[in-house]
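Below: one structure, written as structure tokens.
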Amino acid sequence: MSASHASDDSESLDRGQWSGKFDFLMSMIAYAVGLGNIWRFPYLCFKNGGGAFLVVYGIFFALGAVPIFVMEVTIGQYVQRGAMEVWTMCPLFKGVGIGNVMISFMCIAYFCVIISWAMYYMLSSFNATFPWETCDNWWNDKATCLTGNENASVVRQMMIALNGTANIETSVEQFWERRVLMQSNSIADFGGIQWELFALTLFSWVLVYFALWKGITQARKFVYFCALFPYFLLAILLIRGLTLPGAFEGVKYYLMPNLTALTHATVWKDAGTQVFYSYGVGFGALIALGSHNKFNHNCFRLVSDVIKYFLKNIRSCFAVFSVLGYMSHKTLKPIGDIVKGGVGLAFQAYPEVATKLPGKQFWSVLFFLMITIIGLDSQVCMLEGLFTAIEDVYPSVFRKYKKISLLVTCITFFIIGIPMVSYAGTYWLTLFDGYGASGIALLFVVICEVVGLSWGFGADNVRGALKTMINLNLSIVWNYIWKYNAPMVTTMLLIFCIWQYTPEKTLTGEDYPRWAQIFGFFLASCSMGGIPLYAVYYLCKCKGTLREVNFIIQQLNFLLPLYDVELIEAGRNNGKLHESGREIYR
């Protein structure tokens, strides 16, 4: 161990390490309470029938997310490398690192667009009267618009007058669709650029760049604020939401499972992938954050922390669904029909709460500031995961010229996100989110990752890594969880999702045009394709039979710690490794 530490001291300084245990804990809390839980979890829960989604989500959390979460952080800390170089221990699966990077790539491409939405609402909150409170703005259709303050007789009269020719919408919905997004009717109708969102997205990328240009381990105050501030505001919004008339119906919709919904493939697909999405499993960010730990940090304590994150995520949705119950009460519409759902659900529910709070401008600004901060933190953590992975592969470029290479990376992602701030932006964002960053693509990457770690590297060696780092004798039960339980659960989910596959829908519930679906499949193949392609490339590159290649991998995995190159070379010199092991390791 001492030799390893001596050889890696200078490199650890180059890569950056957390200054203490509390820094890492706060970074994990900030990452776990990320934008996926505040923005994506509520809309998927709403889309899939509330309680039914919650049941399936809990199952996959216990059987899949927790063991893989622990494994990723452990391996990152042990090998002290990012998502790509960590697979030096089992090079046949190095394509998994490419998959991790591509999944992160898909998310990073659109996260700053969501941040721009939050910034837009935050700036709009400085008005004496919120622009989403009234129906007399230039973007409103007064014949179909309700503010929520009308009595039941007025609503009935509007429904009779419309006679089914149009749907009644709240002023919040119309502000979201007609003012913020300036939403077109289809993905093919590009329309133009929403320049306000364009500018805010650019500003978001500037903030992300300066948060990372000295490394994430130096952004201590930023991480602390991101970890603690959201819980305070969520508690306030929850209390206010539960006191609104009709809130109980919304909570009931959230908690009471619709058993027929459990037969729908989309419920299982969305719940399973959202578990991994919520906790960052399969993105490479957990490996990167763990790699900045000191070698003897007790990373296994995260098991209890992950359970706390789960309970807090469940609690955060109460605020959304209590507001949906209130909106249903005001518009006399079923909760399932109250809003169109989709990626903007949180931006329709939360503004409704803000209008009911005393000192509404203050709380609205703080709330959307919270969404902005959470989004920035999620973006920073994912970009750190992606950048660390690439940086470890090409340190002479990305580490030596970090500020320049980081700037080029941010500019590239900003350009990719420009179509998502067009009038058809939400359609494009949904494609990236549904095909490239979640669903079948994410499940495939996670399956390959858990198989590579538990079988390629070896579950025994994961336990051995914990023994080496923190002297923890983990129960052999974890071997079965990692080798059989987690792969089986994720594989069954993937098979079920492929068998019951349904294409992504537009915000109006219609199918995307064929060309858009083909583009979606291309995004998914970018996330998945690197894994089999690299495995084939590596087998063709290596000398010897498949059995000899497998023997070399097992020998390399036996050597601990894996990142100690001197120890590996010593093993080769002592004749413990087959000569072709040099090519396997490299």
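The values are calculated or read from the model by the stated rules, or taken from the named source; none is laboratory data. In this text, all values refer to a predicted model and were calculated from it rather than measured experimentally. Glycine also receives a Cβ, built like all others from the backbone with ideal geometry; neighbour counts cover every protein chain displayed.
General remarks:
- Test for T74: is it touching a Cys at 6+ places or on another chain (Cβ under 9 Å), in the same structural domain as M488 (by TED's automatic domain parsing), under 27 Å from I531 (Cβ atoms) and crowded, with 20+ Cβ neighbours inside 10 Å: yes
- Flag if L442 is hydrophobic (A, V, I, L, M, F, W, C), within 22 Å of L44 (Cβ to Cβ) and either touching an Asp or Glu at 6+ places or on another chain (Cβ under 9 Å) or modelled with pLDDT under 95 (or both): yes
- Remark: pairs (first residue in the range 480-499, in contact (Cβ under 8 Å) with a residue 24 or more places away in the chain; second residue surrounded by 19 or more Cβ atoms within 10 Å (Cβ to Cβ) and of a type in the set (D, E); Cβ separation under 9 Å; 6+ apart in sequence or on different chains) are absent.
- Within the range 427-460, the set of residues being among the charged types (D, E, K, R) and within 9 Å of V96 (Cβ to Cβ) comprises just one member, E449.
- Helices (runs of 4 or more DSSP H) (entirely within the range 428-481) containing at least 2 residues that are over 21 Å from Y279 (Cβ atoms): 459-470, 477-480
- Pair list, Cβ < 6 Å and 6+ apart or interchain, from the range 38-55 residues that are in a helix (DSSP H, G or I) to residues that are acidic (D, E): L44/D270
- Of all residues making up the range 166-185, the number that are surrounded by fewer than 15 Cβ atoms within 10 Å (Cβ to Cβ) and not assigned by TED's automatic domain parsing to the domain that holds A118: 2
- Any hit, the range 443-460, residues being touching a residue at least 12 places away in the same chain (Cβ under 8 Å), over 20 Å from F300 (Cα atoms) and among the aromatic types (F, W, Y): yes
- Among the residues of the range 465-490, those that are among the polar types (S, T, N, Q) and either touching a Pro at 6+ places or on another chain (Cβ under 6 Å) or buried (at least 16 other Cβ atoms within 10 Å of the Cβ) (or both) comprise T468, N479, N485, T490.
- Index of the failed condition, A65 passing every other in (1) closer than 23 Å to I335 by Cα; (2) modelled with pLDDT under 90; (3) part of a helix (DSSP H, G or I): (1)
- Yes/no for A188 being buried (at least 19 other Cβ atoms within 10 Å of the Cβ) and in contact (Cβ under 8 Å) with a residue 60 or more places away in the chain: no
- Among residues of the range 234-259, those that are modelled with pLDDT of 85 or more, buried (at least 18 other Cβ atoms within 10 Å of the Cβ) and more than 13 Å from L324 (Cβ to Cβ), counted: 0
- Residues that are of a type in the set (S, T, Y), buried (at least 24 other Cβ atoms within 10 Å of the Cβ) and modelled with pLDDT under 95 were ranked within the range 87-120; the one that is nearest to L200 (Cα to Cα) is Y110.
- Look at (1) at negative phi; (2) at pLDDT below 90 and you find that G509 fails only one, number (1).
Residues checked against (1) on the phi < 0 side of the Ramachandran plot; (2) part of a helix (DSSP H, G or I); (3) in contact (Cβ under 8 Å) with a residue 12 or more places away in the chain; (4) among the charged types (D, E, K, R):
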position: F93; (1), (2), (3), (4): yes, yes, yes, no
position: V101; (1), (2), (3), (4): yes, yes, yes, no
position: F111; (1), (2), (3), (4): yes, yes, yes, no
position: I115; (1), (2), (3), (4): yes, yes, yes, no
position: Y120; (1), (2), (3), (4): yes, yes, yes, no
position: F126; (1), (2), (3), (4): yes, no, yes, no
position: F130; (1), (2), (3), (4): yes, no, yes, no
position: D136; (1), (2), (3), (4): yes, no, no, yes
position: W139; (1), (2), (3), (4): yes, no, yes, no
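- The range 325-355, residues that are at pLDDT 80 or above, more than 22 Å from the chain's Cα centre (by Cα) and either surrounded by 23 or more Cβ atoms within 10 Å (Cβ to Cβ) or outside any helix (DSSP H, G or I) (or both): G325, Y326, P351
- Qualifying residue in the range 132-139 (condition: in contact with a strand residue (DSSP E or B) (Cβ under 7 Å, 6 or more places away or on another chain), over 30 Å from Y277 (Cα atoms) and either surrounded by 13 or more Cβ atoms within 10 Å (Cβ to Cβ) or modelled with pLDDT of 90 or more (or both)): yes
Conditions (1) modelled with pLDDT of 85 or more; (2) in the same structural domain as I75 (by TED's automatic domain parsing); (3) surrounded by fewer than 24 Cβ atoms within 10 Å (Cβ to Cβ), marked per residue:
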{"site": "F367", "(1), (2), (3)": "no, yes, no"}
{"site": "T372", "(1), (2), (3)": "yes, yes, yes"}
{"site": "D377", "(1), (2), (3)": "no, yes, no"}
{"site": "L383", "(1), (2), (3)": "yes, yes, no"}
{"site": "L386", "(1), (2), (3)": "yes, yes, no"}
{"site": "F398", "(1), (2), (3)": "no, yes, yes"}
{"site": "S405", "(1), (2), (3)": "yes, yes, yes"}
{"site": "T409", "(1), (2), (3)": "yes, yes, yes"}
